[in-house]
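First up is the structure itself, then whatever we jot down about it.
Please treat every number below as a calculation from the coordinates, not as lab data. As the structure is a computational prediction, the values presented were derived from the model and not from experiment. When we count neighbours, we look across all protein chains shown, and the Cβ atoms used for this are built from the backbone with ideal geometry, even at glycine.
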Amino acid sequence: MKYIEPHAHMVSRTTDDYQHMALAGCAAVCEPAFWAGFDRSSAAGFHDYFCQLTEHEPKRAAKFGLQHFCWLCINSKEAEDVKLAEEVIALIPKFLHCPNVLGIGEIGLNKNSRNELRVLEMQVELAAEHDQLILVHTPHLEDKLKGTRLILDVLKNDPRIQPERVIIDHVEEHTVELVLNCGMWAGMTLYPETKCTPARAIDILETYGSEKIWMNSACDWGVSDPLAVPKTALEMKKRGHLAAAIGKIIFENPKKFLRQSPNFKLGV
Amino acid sequence: MTRQQVLDLYFLDARHKLIELAAFLDRVERAEGQDDFRLKSFRAALAKLNGKKKQKAKTVLLAFSDPTTKPIAKATSKGACGAYHPQISPISADKFAKPFLRKSA
């Protein structure tokens, strides 16, 4: 079944993963900028990473027939150093003209600190100034509820931000309603041990509906599954969801949100 | 899906997970030492499962969540440990976080 993987950190994955995703029906993969698992030592490290996301990774994906898109930012795990964040944010505008860039992301919060919040505000400013879509990372585990509330406050307080151009990712049962009630999109991340399992993600769909919501694997260098989206589609089928309803969640919805960026054009 | 269909599809999986929870509590309780804030949160969350109130998953997630509303002064760790503690959670969560479990994405 054709699907879009709207959140995957492919620089951390193997060519086998690209092959398996293509075989499973993946049409396009979207890669937000994130933490490498260690702190980069300078803005130059981010410059190289942005080159990787905009030049090298699309070519690697294309070898498997996949279109590759990306989002740019400094992530919240490296946002405690505000000076570094300022240097990295200054690099981003020159990359916004690259043909596979969809917007600013995944920005957000990690431990809900003052500096993280300051850097989030700086990147919301960047997105507003350049009329970019926004993809937001919400914190993990016990920090998610508080972080989601703080993030929504920042976004709602900026009149330039149109809620339908923002996706708040990694929602769970205790945060999804907060996001949807703000008119923003919600992303459900399918992980083996944290965030949502396929069964819980489908529970959320059955409870809150299928408008302004998508599913992603957020596969990266940690415990994660690049085929989580098609596996969840299979689970939906087992639960009696019709093909059109499944297609809406795994293909039509991400396409609807992402095509708000002029750079998101799916090939034949 | 009907209730019967849900049971047919998920009962064995839920039964398996419930026994895993019970075995985890047995394992913790026969080990020497004291409970910490995580086990206290765990027991509090477990108590929310009993009864007819709806939205049990949401209620359990809320039981583990930081209820405060103001940003912390400084992030001195990157990880999360799964349960809120006013002193421990923001200061040294990495000590309690499982290595390579969800510091990513």
remark   = Partner lysines whose C-alpha sits under 20 Å from that of B:LYS48, ignoring same-chain residues fewer than 8 away, are A:LYS144, A:LYS195, B:LYS17, B:LYS40, B:LYS56, B:LYS58
key: About the Cα centre, charge dipole magnitude for chain A (Lys/Arg +1, Asp/Glu -1 at Cβ), debye   = 800
query = Roughly how many whole Å is it from the C-alpha centroid of the range B:53-73 to that of the range A:99-114?
reply = 23
query = Between A:ILE107 and residues 5 or more places away or on another chain, which pairs have amide H atoms under 5 Å apart, with H built 1.01 Å from N, and which residues are they?
reply = A:LEU135, A:HIS137
message = Can you classify the range A:130-197 as rounded, prolate or oblate using the Cα gyration tensor, where a ≥ b ≥ c are the square roots of its eigenvalues, rounded means a/c under 1.5, and otherwise it's prolate if a/b beats b/c and oblate if not?
response = prolate
task = Identify all aspartates and glutamates with a Cα-Cα distance to A:LYS83 below 18 Å; exclude those on the same chain that are fewer than 8 residues away in sequence.
result = A:ASP39, A:GLU116, A:GLU121, A:GLU125
query = the range A:130-225: which trypsin sites (Lys or Arg not before Pro) are DSSP loop and have at most 11 other beta-carbon atoms within 10 angstrom?
reply = A:ARG160
query = Once Lys and Arg get +1 and Asp and Glu get -1 on their Cβ, which of A:ILE89, A:CYS30, A:SER210 lies farthest toward the positive end of the dipole of the protein assembly as shown?
reply = A:SER210
Under 16 Å from the Cα of A:LYS231 - aspartates and glutamates, other chains or at least 8 residues apart = A:GLU5, A:ASP17, A:GLU193, A:ASP203
query = What's the average, rounded to a whole number, of partner chain beta-carbon atoms within 10 Å of each residue's beta-carbon in A:25-38?
reply = 1
query = Roughly how big is the range A:199-264's charge dipole about its Cα centre, with Cβ charges of +1 (Lys, Arg) and -1 (Asp, Glu), in debye to the nearest 20?
reply = 220
message = I need the trypsin sites (Lys or Arg not before Pro) found in the range B:31-83, filtered to DSSP loop residues with at most 14 other beta carbons within 10 Å of theirs.
response = B:LYS52, B:LYS53, B:LYS54, B:LYS74
request  = Could you tell me whether the range A:3-258 comes out rounded, prolate or oblate from its Cα gyration tensor? Rule is a ≥ b ≥ c as square roots of the eigenvalues, rounded for a/c under 1.5, then prolate if a/b exceeds b/c, otherwise oblate.
outcome  = oblate
query = Size of the dipole of the range A:80-153 about the Cα centre, Lys and Arg at +1 and Asp and Glu at -1 on the beta carbon, nothing else charged, in debye to 20?
reply = 160
task = Go ahead and estimate [θ] at 222 nm for the protein assembly as shown from helices alone: -39,500 (n - 2.57) per DSSP H run with n ≥ 4, summed, over the residue count, rounded to 500.
result = -13000 deg cm²/dmol
key: Peptide A:193-201, shielding by other chains (average Cβ, 10 Å cutoff)   = 2
ask   = Dipole of the protein assembly as shown (Lys/Arg Cβ +1, Asp/Glu Cβ -1, origin at the Cα centre): which of B:VAL28, A:TYR3, A:PRO58 lies farthest to the positive side?
value = B:VAL28
